[in-house]
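Notes follow the structure.
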Amino acid sequence: MIRPILRLGDSLLQAPSQPVAAITPEIQTLIDDMIETMYAVPGVGLAAPQVGVLLRIFVIDLSVGRDPAGLIVMINPEWQVREGMQLEEEGCLSLPGFTATVPRPARAAVQGANREGEPHTVVGTELLARALQHEMDHLDGRLFVDRLRGIKRDLIVRKIKKLARAGKW
Ligand SMILES: [Zn+2]
């Protein structure tokens, strides 16, 4: 089932998520829905708080469904490695139409459980390192605009408030 994606301004996007205690059928349904929702947009990553569930789960697929091996499901992820720095433009499904150049680690490794609850580690550089940090941030209630310096952040937030007033957000 495709779930609605919350947008900047919704307080759930700014709240920290809680660890998943057990992989129940409800959790598996949530993960299936997150994957379906991510592909429907389409997007390359989605975190549970973006669909209003404050649990530490995210999905990433840089192939957007073209490569079955490209799908990453992470439950209760923890940082293993975060090093270096890259500066590239990125967006977020919770801020449709907006992008910014955001500093992210050049190399990242995250360990967590997969959809079946088995431990796995994902190691990435370039876009994958960026995506891992982006989704980890969501689990801590942080959006990419929160990684920007004041003026850049304010500009995007102001535009979104204007869209919201016009009923277009
Ligand atoms: Zn995002």
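For the chain, the relative contact order is 21 percent, taking Cα pairs closer than 8 Å that sit 6 or more residues apart in sequence and dividing their mean separation by the residue count. Each label was represented as a point 7 Å from its Cα along the Cα-to-Cβ direction; for residue 121 and residue 87 these points are 3.1 nm apart. Based on protein heavy atoms only, the chain ends up with 51 Å² per residue of surface accessible to a 1.4 Å probe. Diffusion of segment 45-128 by Stokes-Einstein, at 25 °C in a medium of 0.890 mPa s and with Rh set to the Kirkwood radius over alpha-carbon pairs, works out to 176 µm²/s.
As a size descriptor, the averaged projected area of the C-alpha convex hull of the chain was calculated at 9.5 nm². The long axis of helix 150-165 is offset from the longest Cα principal axis of the chain by roughly 80 degrees.
Simple spin-label estimate for residue 99 and residue 36 gives 3.0 nm between the two label positions (7 Å along the Cα-to-Cβ direction from each Cα). For segment 90-159, what % of the accessible area comes from carbon and sulfur atoms, probe 1.4 Å? The computed percentage sits at 52. Note on segment 44-90: Cα-only Rg and Dmax are 12.7, 32 Å.
Placing unit charges on the Cβ atoms of the charged side chains and taking the dipole of the chain about its Cα centre, the candidate lying farthest along the positive direction among 45, 169, 117 is 169.
Neighbours of residue 102, meaning other residues whose beta-carbon lies under 10 angstrom from its beta-carbon, give a summed charge of -1 when Lys and Arg score +1 and Asp and Glu score -1. Compute log10 of I(q)/I(0) for segment 1-78 with the Debye formula, placing one identical point scatterer on every Cα and leaving out solvent, at q = 0.11, 0.12, 0.19, 0.20 Å⁻¹, to two decimals. With no solvent term, the Cα-only Debye profile gives -0.26, -0.31, -0.78, -0.86.
If a spin label sat at a point 7 angstrom from the Cα of residue 11 along the line to its beta carbon, the backbone N atoms of segment 109-152 nearer than 20 Å would be those of 138-143, 146.
The values are calculated or read from the model by the stated rules, or taken from the named source; none is laboratory data. Model, not experiment: these values are computed from the prediction. Positions of Cβ are backbone-derived with ideal geometry, glycine not excepted, and every protein chain shown enters the neighbour counts. Protein only, heavy atoms only, side chains kept; ligands, DNA and RNA dropped before computing areas. Shrake-Rupley method; radii C 1.70, N 1.55, O 1.52, S 1.80 Å.
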